[in-house]
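S.K.: What follows is a structure written as C-alpha cells; I'll ask about it next.
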Amino acid sequence: MSEQIIFKSQSLPDWLFYLESQHTKEIDLGLERVLTVADNAKVRDLQAKKVVLVAGTNGKGTTIRFIEQYLLALGKTVGVYSSPHMFEYNERVRINGESASDQDLIDAFSFIEHHRQGTGLSYFEFGTLAGFKLLQSKQLDYVLVEVGLGGRLDATNILNHDVSVITSIGLDHIDWLGDTIEKIGFEKAGIFNQGKPAIVGEPAKIDSIIEQGKVHQVSEFIQFGQDYLFEQKSDKWNFSYGDICFNDLPNILIPKQNISTSLVTLIKLDIQLEQTLIEQTLMQLSLPGRMQIVSMQPLTMVDVAHNAHAVNYLRSMLLNDSKLKSVSSVCAVIAMMKDKDIKETLQLMTDVVDEWYVGDLEGNGRAASKEYIAETLSSLGQTNVTVLPTIKQAWQSACANQNKDSLLLGFGSFYTVADILNQVEN
C-alpha cells in the first residue's frame, strides 16, 4: 500500500501497516534516529506534573498499573505508555484508564510523520514518539512510561523524567542486552537520571546497576530488600520503607515485590499513602493476562510468563497460594517464542504440571513450533503431552477434558494468552 493511499484513508490499520513498512528491522536499538525526530517534534517534554520511566525484565506492567490506579483514585489525571498490546494497538496508550481512540492515534501518527522529515524509524520508535505526542497533548498530572527493551538505548529513554524504576532483572533478550545479569543490569540502569531518584525493585545487588547510580549521579538509590521490603504473613502482608509501614495488606496473586516498588514510587512522587486506599486498589487491581483468573469453577487462569524469571514466580504461586495449590491437578496449555530459553523455562514447571496441551500460534513467525515444544517436554521426561494444530484448539481440548477440581493454566507469551482470551470471550 502506498503512502498516498495511507494518507487518503487515514484509518488506524492503514497507519500501522505503514509503520511496519518504514523500517526493515523489528528491533534496532539506538537513540540517534529517535532523538532527531523527537527534537524536531518537541516531544521529549511531556508537559506533565511528573513523569516516571519503568524498566525491568518482568513486572513493569503490574507496577505501572498499581501506580496508575492509585493516582486515579485520588482524582489525578494519568497517562500510560506501554507495550506490547494484548488485543488492540490502542491499549499502548491509556488516558485516565481508557485506551486511546483511533482518531487520537491517527492524529499523533500524522504529526510524527510530518516532523520526521525522512528520518527512518522502526515500528516501535514511530509508535513511541506518537504516543508521547498524544500524552503531551492531554496535559496530564502524571505520565507512566514502560521501557520497551533494555533501557539505555530504548526509544523511551529520550524523555525528561522525574523518577526511574527498575522492577526486576533476569536473563531475557540476551541477543540484544547481553548474556549476563551484569550486562543486562547495565542496560536497564541506563534510564537513571541525574539528580532524580532511582528505585530498584530487584533484590539482588547487581554491581553494574549500583555503579550506574553513581555515574548518573542519582539523588537517591533505593533498593528492594535493603531500603524497602515486604513481609509475608499467613494470609496478609506488611510493607515497610524507613518509618513508613503498612500492615495486614490483602494477599493478591500479583508479586508483592512489584506492589512494594509501586508504593515507594508513589512516595517519591510526593503522594501521601493511605491504608484504606492501598487496600482498595489492591482488591481491584487487574491487568489482562497477568495472573488473571478466567473462571473460578472450574479454576482457570492465564499468565503472560514467557521467560524463566517470570515462570519461576508462576511456579511459586502454584505451590504456595492457598487457592492454587488446593487443586487436584494442573493442566497447562503452552506456546512460546523461539528466541526464549524454552527448555530452561519449561523445566521449572515439570514438577507442578500434570498434563500438557501444545499448539501452534497461527501466523506468528517468531513462535516456536508445536513439534519443538513437544520434543522439549519429552526430553524433560514429560509423557502426558497432547499436540493439537493450533493453540486455540489446544485450549478447546483442554477445556473439554478439565476436571471440576483441577486448574487449567494458559501461559508462555503475550500472543498465547491473547489467543486464549479471545477463545474465552468468543
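S.K.: Find the accessible area per residue for the chain; the probe is 1.4 Å, ligands and nucleic acids are left out, and the unit is Å².
M.R.: With all protein chains present, the chain gives 42 Å² per residue.
S.K.: How much length is gained on full extension from L16 to S379, taking 0.36 nm per residue of separation minus their Cα-Cα distance? Intermediate results must be reported in sequence, preceding the final value.
M.R.: Values: separation 363, 0.36 × 363 = 130.68 nm, distance 4.05 nm.
Full extension from L16 to S379 adds 126.6 nm.
S.K.: Take the chain, connect every pair of alpha-carbon atoms lying under 10 Å apart with a spring to form a Gaussian network, then pick out the residue of G363, G410, G61 with the largest mean-square fluctuation.
M.R.: Result: G363 has the largest fluctuation of those listed.
S.K.: Could you list which residues have their amide H under 5 Å from that of V333, counting only those 5 or more apart in sequence or on another chain, with H placed in the peptide plane?
M.R.: Excluding prolines and chain starts, which carry no amide H, the hits are Y357, L409, G410, F411.
S.K.: If you don't mind, another one. Which percentage, to the nearest 5, of the DSSP beta bridges contained in the chain is antiparallel?
M.R.: Working: 20 of 59 bridges.
Expressed as a percentage, antiparallel bridges in the chain total about 35.
S.K.: Let me ask another. Lysines within cross-link reach of K325: Cα-Cα under 20 Å, excluding same-chain residues under 8 positions apart?
M.R.: Excluding near neighbours in sequence, the set is K233, K236, K256, K404.
S.K.: Percent relative contact order of the range 163-279, based on C-alpha pairs within less than 8 angstrom and at least six residues apart? Before the final figure, lay out each step's value.
M.R.: Values: 180 pairs, mean separation 25.1, N = 117.
It rounds to 21 percent for the range 163-279.
S.K.: May I ask you to derive the FRET efficiency for N40 and Q217 from their Cβ-Cβ distance with R0 = 30 Å, giving the value to the nearest 0.05? Don't skip to the answer; put the middle values down first.
M.R.: Working: r = 29 Å, r/R0 = 0.97.
Given R0 = 30 Å and the Cβ-Cβ separation, E is 0.55.
S.K.: Still on this structure, I have one more. From the backbone phi of the range 50-59, what are the Karplus-calculated ³J(HN,Hα) couplings (6.51 cos²θ - 1.76 cosθ + 1.60, θ = phi - 60°) in whole Hz, Gly and Pro given as x?
M.R.: Using θ = phi - 60°, the values come out as 8, 10, 10, 10, 10, 10, x, 6, 9, x Hz.
S.K.: Also: Just report the Cα centroid separation between the range 352-398 and the range 60-129, whole Å.
M.R.: Distance between centres, Cα-based: 33 Å.
S.K.: Which label belongs to the value computed from this structure, given these candidates for semi-axes √(5λ) of the Cα gyration tensor in Å: (i) 44, 26, 17; (ii) 69, 28, 16; (iii) 33, 28, 20?
M.R.: Computed from the coordinates, semi-axes √(5λ) of the Cα gyration tensor in Å corresponds to (iii).
S.K.: Here's a follow-up. Assigning unit charges at the beta carbon (Lys, Arg +1; Asp, Glu -1) and nothing else, what dipole magnitude in debye, to the nearest 20, does the range 167-286 show about its Cα centre?
M.R.: In total the dipole reaches around 100 debye.
S.K.: A further question on this structure: If you filter the range 317-391 for GluC sites (Glu not before Pro), then keep DSSP loop positions with at most 16 other Cβ within 10 Å, what is left? Present the calculation step by step, with values, prior to reporting the outcome.
M.R.: Values: sites: E344, E355, E362, E371, E375; in loops: E362.
Taking the range 317-391 and a limit of 16 other Cβ atoms within 10 Å, the loop GluC sites (Glu not before Pro) found are E362.
S.K.: Further question on the same structure: Out of the total accessible area of the range 79-189 (probe 1.4 Å, heavy atoms of protein only), what percent is carbon and sulfur?
M.R.: Numbers: 1660 of 3740 Å².
Answer for the range 79-189 is 44 percent, counting heavy atoms of protein chains only.
S.K.: Under unit Cβ charges (Lys, Arg +1; Asp, Glu -1), what dipole magnitude, rounded to 20 debye, does the range 20-146 have relative to its Cα centre? Mind dumping the intermediate values first?
M.R.: On the way: 14 positive and 17 negative charges, 98 e Å.
Charge dipole of the range 20-146: 480 debye, to the nearest 20.
S.K.: Still on this structure, I have one more. Excluding same-chain residues fewer than 8 positions from K268, which aspartates and glutamates have a Cα within less than 15 Å of its Cα?
M.R.: Here the aspartates and glutamates satisfying the reach criterion relative to K268 are E68, D141, D162, E220, D227, D243.
S.K.: Treating only the Cβ of Lys, Arg, Asp and Glu as charged (+1, +1, -1, -1), what charge dipole size does the chain show about its Cα centre? Round to the nearest 20 debye.
M.R.: Values: 36 positive and 53 negative charges, 92 e Å.
The dipole of the chain has a size of about 440 debye.
S.K.: Give the aspartates and glutamates whose C-alpha is closer than 12 Å to that of K343, dropping any in the same chain fewer than 8 places away, or say none.
M.R.: Partners found: E375.
S.K.: If you don't mind, there's one more thing I want to ask. In percent, how large is the relative contact order of the chain, given Cα pairs closer than 8 Å and 6 or more residues apart?
M.R.: Working: 827 pairs, mean separation 59.7, N = 426.
This gives 14 percent for the chain.
The values are calculated or read from the model by the stated rules, or taken from the named source; none is laboratory data. Given the structure is predicted, the values throughout are model-derived calculations rather than measurements. With ideal geometry, Cβ positions are generated from the backbone for all residues, glycine too; neighbour counts draw on all protein chains shown. Ligands, DNA and RNA are excluded from the accessible area calculation, which covers all protein heavy atoms including side chains. Shrake-Rupley method; radii C 1.70, N 1.55, O 1.52, S 1.80 Å.
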